[in-house]
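Written below as structure tokens is the structure these notes are about.
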Amino acid sequence: MVGAVPNMRADIRADRASSGRHGRALRVGLVSALVPLSLTLVQCGKAPNPAALAANSQANVQVVAKTNTQQIASADTFEDRFPAPQFRERFPSASESFLQRQMSDFSPKRAVQQQPEQPPYKVASLAPQVPYQRPPRDDLTTLVSMKSSAFPYFGNNPASDAPFLNISKGDRRGHRSYSGRVYWQDETYSDSRVLVHVPEHFDVRKPGVIVVFFHGNGATLERDVRDRQLVPRQITDSGANAILLAPQMAVDAADSSAGKFWQAGGLKRFMEESANHLARLTGDPDSARAFANMPIVIVGYSGGFLPTAWSLEVGGISDRVRGVVLLDAVYGEMDKFASWIESHRSGFFVSSYTRYTARRDRELMSMLRQKGISVSEDMDGPLRPGSVVFVETGDGITHRDYVTRAWTRDPLKDVLVKMSATPALALTRVASSR
């Protein structure tokens with residue numbers, strides 16, 4: 001029994017070894033059977049086998065190699081793919097520089113508040129910081145209707161002491177001129193407008209002058225005085241502290257009738273009404289008194305001689321008239337001009353003429369010399385108190401363009417420049433103290 005036990009153990013070990021070998025064989029057999037089956041199933045799912053993968057990989061390499069032999073090649077090396085950096089790529093050249101950074105560049109940025117522009121002077125203060133400056137203003141050129149303007153006029157013609165409107169046709173009334181032509185009141189003598197021009201530099205607080213311009217025959221304020229004869233522009237360009245008043249006379253007619261300026265005090269009433277309009281237009285109602293006392297310069301062109309002469313004779317304010325300018329305009333009334341020149345030796349008188357008025361201008365010069373009044377025959381010198389100047393212009397100067405070209409271009413501008421350059425004449429002094 002004792003000997004039997006060891007044999008049994010040996011048999012058991014033999015059986016266990018045999019069964020182990022049998023299990024390993026069984027497992028190997030199962031694996032051998034399952035691997036082909038799995039490959040078959042995978043092929044049914046269309047997954048490429050290793051041989052196919054290798055073939056496709058080789059084909060791709062060939063295609064890419066054909067399209068870009070420089071980038072992918074069989075002889076590629078590490079140095080070809082990753083070249084070592086050169087010196088110029090590590091350090092800048094002499095013409096280059098590094099972007100310098102400070103620590104503040106990486107700190108949070110604060111919003112910069114823009115400071116408002118400082119005004120040139122204090123807005124409010126107990127004491128003035130800068131002298132008063134007149135607000136900027138553009139040139140003002142406008143038409144203003146005035147009751148005291150030349151027309152409409154229903155009085156008499158002083159030349160004949162007969163009614164001015166001396167002809168009628170039905171309800172219409174008109175005036176038969178010396179030439180025999182009839183001008184109807186509603187067409188020719190009904191415009192009461194006045195062309196007013198205030199230059200942008202005009203300052204009523206400074207010494208100034210009012211220019212009263214009487215246009216000639218066949219004219220309108222807009223077409224001729226403003227646009228063709230450029231009277232407003234000449235006043236502005238002169239730089240004088242002057243403004244313009246140009247009443248509409250007979251509208252576009254060969255007629256020199258003076259209308260209300262024939263009447264005693266006609267010019268005075270016109271200037272009084274103008275002062276109120278000028279104060280309103282310039283935006284300073286308190287300036288009416290200054291305008292009502294401002295010196296006057298009368299300019300008469302061509303047929304404008306008639307209202308000029310009668311304004312000097314019966315206008316009522318001849319003492320305010322500091323100067324008279326006639327532009328090819330001495331067609332008559334020489335006695336009225338000579339009388340004003342003789343009695344107003346502190347003013348000036350200028351008459352420029354062509355061959356059409358040369359005879360009458362020479363007659364007026366003779367009258368003045370007989371009165372002992374000195375007469376000059378050029379405009380080269382300055383205008384002085386009592387200056388009396390007659391200037392003859394050549395044949396190349398036309399009567400139609402005389403307001404813009406006489407002894408010089410822009411003759412009205414030239415007169416104002418010479419007038420303003422003569423302080424002793426005091427032509428632009430405002431008599432506001434009276």
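Each value in this text was obtained by applying a stated rule to the coordinates, not by laboratory testing. Here the structure is a predicted model, which means the values were calculated and not measured. Every residue, glycine as well, gets a Cβ built from its backbone with ideal geometry; the counts of neighbours run over all protein chains shown.
The table for this structure:
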read-out	value
Of the trypsin sites (Lys or Arg not before Pro) in the stretch 311-374, those whose Cβ has at most 15 other Cβ within 10 Å and which sit in DSSP loop	345, 355, 371
Integer Hz, Karplus 6.51/-1.76/1.60 couplings in order for the stretch 408-418, x for Gly and Pro	7, 6, 6, x, 5, 4, 4, 5, 5, 5, 5
Gain on full stretching of the segment that runs from residue 145 to residue 371 - 0.36 nm per residue minus C-alpha separation	77.2 nm
Cα-centre dipole for the stretch 262-325 with unit charges at Cβ (Lys and Arg positive, Asp and Glu negative), debye to 20	40 debye
Highest to lowest packing among 308-318, 193-203, 171-181, scored as the average C-beta count within 10 Å	308-318, 193-203, 171-181
Sequence-distant residues sharing a close amide H with residue 140 (under 5 Å, placed H)	198, 200
Ratio of the Cα radius of gyration of the stretch 191-319 to 2.2 N^0.38 Å, where N counts its residues	1.00
Whole-number percent relative contact order across the stretch 211-251, with pairs defined as alpha carbons under 8 Å at least 6 apart	61 percent
Rounded to 5, the percent of DSSP beta bridges in the stretch 171-328 classed as antiparallel	30 percent
Percent RCO, i.e. relative contact order, over the stretch 286-434, from Cα pairs under 8 Å lying at least 6 residues apart	24 percent
Cα centre as origin, Lys/Arg/Asp/Glu Cβ charges: the stretch 273-428 dipole, Debye	120 debye
Normalised contact order of the stretch 219-376, rounded percent, pairs of Cα under 8 Å and 6 or more residues apart	17 percent
Ordering of 154-163, 286-295 by burial proxy (mean other Cβ atoms within 10 Å per residue, highest first)	286-295, 154-163
Cα-projected label distance for residue 205 with residue 162, points at 7 Å along beta-carbon direction, nm	5.7 nm
